[in-house]
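Structure provided below as structure tokens; questions to follow.
Each value in this text was obtained by applying a stated rule to the coordinates, not by laboratory testing. The shown structure was predicted, so the numbers you read here are calculated from the model rather than taken from an experiment. Positions of Cβ are backbone-derived with ideal geometry, glycine not excepted, and every protein chain shown enters the neighbour counts.
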Amino acid sequence: MMMRFLMFFALFFTAQAAFAGNTFFGIPRFKGVKPVFDKTYQSNCAECHFAYFPGLLPVRSWKKLMAPKALEDHFGENAELEENDRRYILDFLVRNAADDAGYKRSKKIIRSLSADETPLRITEVPYIKKKHSEIPKKLISGNPKVRSLSNCLRCHREAKDQGIFDDDTVLIPGHGRWDD
């Protein structure tokens with residue numbers, strides 16, 4: 001009886017993983033980062049730039065970025081918000097930050113940071129820097145269609161709607177697929 005149970009268990013979870021590709025012994029596992037869409041966050045932050053998914057930074061970074069003083073000079077721009085909106089967005093970012101995310105990329109981001117690192121730019125995250133280190137500068141900063149690593153959506157075609165940042169979905173404008 002025990003042997004049948006073990007065989008069923010092994011076959012069930014092997015089949016489940018083969019077909020779904022995003023579970024491990026019934027525990028959900030996801031690629032990329034969680035694509036979260038919130039009207040308040042989108043309307044306030046996507047007005048000036050892509051509303052970066054919270055799973056790209058840890059809680060401590062979002063707290064620092066969303067501090068009232070920090071918003072007064074948000075990378076050279078005044079991004080002050082109504083206090084209710086600021087608190088709402090901060091709570092949203094904290095609840096969905098990389099720290100406790102069940103997404104592969106978010107976990108790698110957290111593992112790449114030391115406890116005392118608080119990146120204020122996604123491009124400062126060691127994992128992100130490493131993933132982009134082999135791409136020639138001429139394809140990023142020297143590319144007028146990209147200009148910066150912070151312009152994620154120019155190359156990562158499945159990032160905006162799905163949170164997928166896999167290498168095999170990258171198309172660099174003016175260059176094509178990126179093959180390491």
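Just how far, in whole angstrom, is the range 118-167 from the range 59-90 if you go by their alpha carbon centroids?
23 Å
With respect to the cross-link table entries LYS104/LYS130; LYS39/LYS129; LYS63/LYS160; LYS107/LYS145; LYS64/LYS131, which display a Cα-Cα separation exceeding 20 Å?
The answer is LYS39/LYS129; LYS63/LYS160; LYS107/LYS145; LYS64/LYS131.
List every residue whose amide H lies under 5 Å from the amide H of ILE172, counting only residues 5 or more places away in sequence or on a different chain, with H placed 1.01 Å from N in the peptide plane.
The answer is ARG177, TRP178.
Given 0.36 nm per residue, what is the gain on full extension from SER133 to LEU71 after removing their alpha carbon distance, in nm?
Once the chain is fully extended between SER133 and LEU71, it gains 19.4 nm.
Turning to a different aspect of this structure: Whole-Hz ³J(HN,Hα) for each residue in the range 74-91, computed from phi via Karplus 6.51 cos²θ - 1.76 cosθ + 1.60 with θ = phi - 60°, x for glycine and proline: what do you get?
8, 6, x, 10, 8, 10, 4, 10, 4, 4, 4, 5, 4, 5, 4, 5, 4, 4
Once phi is turned into θ = phi - 60°, what whole-Hz ³J(HN,Hα) does the Karplus curve with 6.51, -1.76 and 1.60 give for every residue of the range 102-114, x standing for Gly and Pro?
For the range 102-114, the Karplus-derived couplings read x, 10, 3, 5, 4, 5, 5, 4, 4, 5, 7, 9, 7 Hz, x marking Gly and Pro.
With θ set to phi - 60° and the Karplus curve 6.51 cos²θ - 1.76 cosθ + 1.60, what are the ³J(HN,Hα) couplings of the range 36-43 in order, to the nearest whole Hz, using x for Gly and Pro?
Coupling constants for the range 36-43: 10, 10, 10, 4, 5, 4, 4, 5 Hz.
Arranged from highest to lowest average of other beta-carbon atoms within 10 Å per residue, in what order do the peptides 56-68, 86-98 appear?
By packing density, highest mean first, the sequence is 56-68, 86-98.
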